[in-house]
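*Asks:* Here it is: the structure, laid out below.
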Amino acid sequence: MELIKYPKKLSVGDNIGIISPSAPLAALVEHRYKNGVKKLEELGFNVVIGDHALDVTSYTAGTAQARAEDIMKFFKDKEIKAIISFIGGYHSNQILKYLDFNVIRNNPKIIMGYSDMTVLLLAIYKKCGFPTFYGPSVLNQFADPFLPDYTLEFFNKAVMLDKPIGKIYPSEFWTCEFLDWFEKKDLERERKFLQNSGWEWLKEGKAER
């Protein structure tokens, strides 16, 4: 598929809209969402939280229509330069039918997240023809008091520069340790990191563009 447009790069001082396309965790772990917002502000951005991003409707952050409204509002708002998810979940697919992809196509901008956000990232890429960004979310990465430099480095390279990212090298360290957010264990200490042995090739081969 031929790309139509590239979203403009993000700059210090820009407005970032925050959405909850699925799970309602932002409202349930207040210290995480506040720490994530604080980190983005420390990086020089203005944070705008979606009208429904802190809603709780059983297992989702508001109704499907409400979650879609936040996304459409941010795509229509010329002052919002990027959209980042609070977190993923299991129900982003519910909002696809409520999105106006014509509006999104005509207002390309950075949209980022991972896990369940992948549904939205692929749908927008497919239907609107501009790149989307599989990257850090607010609660999981930016809210972490011990955010790795590696994450920030490639966030900057991916969305804040007008040139290709360049060589992608593996992080020196990695972790999958769980520290319970509801008990605020994440505030007590840094997660335990392990030395990274490098890339693991599941299947060797060659690719060309």
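*Asks:* Could we say that Asn93 is surrounded by fewer than 19 Cβ atoms within 10 Å (Cβ to Cβ) and either free of Cβ contacts under 8 Å to residues at least 12 places away in the same chain or in contact with a Pro (Cβ under 6 Å, 6 or more places away or on another chain) (or both) here?
*Replies:* Values: surrounded by fewer than 19 Cβ atoms within 10 Å (Cβ to Cβ): yes; either free of Cβ contacts under 8 Å to residues at least 12 places away in the same chain or in contact with a Pro (Cβ under 6 Å, 6 or more places away or on another chain) (or both): no.
So Asn93 does not fit the description; no.
*Asks:* Moving on. Would you mind listing the helices (runs of 4 or more DSSP H) fully within segment 93-209 where at least 2 residues are touching a helix residue (DSSP H, G or I) at 6+ places or on another chain (Cβ under 6 Å)?
*Replies:* Working: elements: 101-105, 118-128, 149-159.
It comes to 101-105, 118-128.
*Asks:* Mind checking which residues of segment 69-106 are aliphatic (A, V, I, L, M) and under 23 Å from Arg32 (Cα atoms)? Steps first, answer last, please.
*Replies:* Here is the first cut: in segment 69-106, the ones aliphatic (A, V, I, L, M) are 71-72, 80, 82-84, 87, 95-96, 99, 103-104.
Residues satisfying the conditions are Ile71, Ile80, Ala82, Ile83, Ile84, Ile87.
*Asks:* On to the next question. How many residues, within segment 145-183, are more than 21 Å from Ile111 (Cβ to Cβ) and in contact (Cβ under 8 Å) with a residue 60 or more places away in the chain? Working first, answer last.
*Replies:* Of the residues in segment 145-183, the ones more than 21 Å from Ile111 (Cβ to Cβ) are 145-146, 148-150, 166-167, 169-183.
Next, from what is left, pick out any that are in contact (Cβ under 8 Å) with a residue 60 or more places away in the chain: 145, 181-182.
So the answer is 3.
Residue-wise test of (1) touching a Leu at 6+ places or on another chain (Cβ under 6 Å); (2) modelled with pLDDT of 95 or more; (3) among the aliphatic types (A, V, I, L, M); (4) farther than 20 Å from Lys9 by Cα.
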{"residue": "Pro108", "(1), (2), (3), (4)": "no, yes, no, no"}
{"residue": "Met112", "(1), (2), (3), (4)": "no, yes, yes, no"}
{"residue": "Asp116", "(1), (2), (3), (4)": "no, yes, no, yes"}
{"residue": "Leu121", "(1), (2), (3), (4)": "no, yes, yes, no"}
{"residue": "Ile124", "(1), (2), (3), (4)": "no, yes, yes, no"}
{"residue": "Gly129", "(1), (2), (3), (4)": "yes, no, no, no"}
{"residue": "Gly135", "(1), (2), (3), (4)": "no, yes, no, no"}
{"residue": "Val138", "(1), (2), (3), (4)": "no, yes, yes, no"}
{"residue": "Pro145", "(1), (2), (3), (4)": "no, no, no, yes"}
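*Asks:* Residues that are under 25 Å from Lys163 (Cβ atoms) and in contact (Cβ under 8 Å) with a residue 60 or more places away in the chain: does segment 19-38 have at least one?
*Replies:* Step one: filter segment 19-38 for residues under 25 Å from Lys163 (Cβ atoms), giving none.
Looking for residues that are under 25 Å from Lys163 (Cβ atoms) and in contact (Cβ under 8 Å) with a residue 60 or more places away in the chain, one finds none in segment 19-38, hence no.
*Asks:* Follow-up. Quick check on my filter: what residues within segment 184-209 are of a type in the set (Gly, Ala, Ser) and touching a residue at least 24 places away in the same chain (Cβ under 8 Å)? So that I can check it myself, show each step before the final result.
*Replies:* Within segment 184-209, the subset of a type in the set (Gly, Ala, Ser) is 197-198, 205, 207.
Hit for segment 184-209 is Gly198, nothing else.
*Asks:* Please enumerate the residues belonging to segment 165-177 that are over 23 Å from Glu30 (Cα atoms) and loosely packed, with under 10 Cβ neighbours inside 10 Å.
*Replies:* Scanning segment 165-177 gives Gly166, Lys167, Ile168.
*Asks:* With the requirement that a residue be closer than 23 Å to His31 by Cα and surrounded by fewer than 12 Cβ atoms within 10 Å (Cβ to Cβ), what does segment 178-203 give you?
*Replies:* Kept after step one, since they are closer than 23 Å to His31 by Cα, are these residues of segment 178-203: 178-193.
Selection gives Phe178, Asp180, Phe182, Glu183, Glu188, Arg189, Lys192.
*Asks:* Which members of segment 153-165 meet the condition of being closer than 20 Å to Gly44 by Cβ and either modelled with pLDDT of 95 or more or touching a Phe, Trp or Tyr at 6+ places or on another chain (Cβ under 9 Å) (or both)?
*Replies:* Answer for segment 153-165, where residues must be closer than 20 Å to Gly44 by Cβ and either modelled with pLDDT of 95 or more or touching a Phe, Trp or Tyr at 6+ places or on another chain (Cβ under 9 Å) (or both): Glu153, Phe154, Phe155, Asn156, Lys157, Ala158, Val159, Met160.
The values are calculated or read from the model by the stated rules, or taken from the named source; none is laboratory data. Note that the structure is predicted; figures quoted are calculated from it, not measured. In this analysis, Cβ positions are derived from the backbone assuming ideal geometry, glycine residues included, and neighbour counts consider all displayed protein chains.
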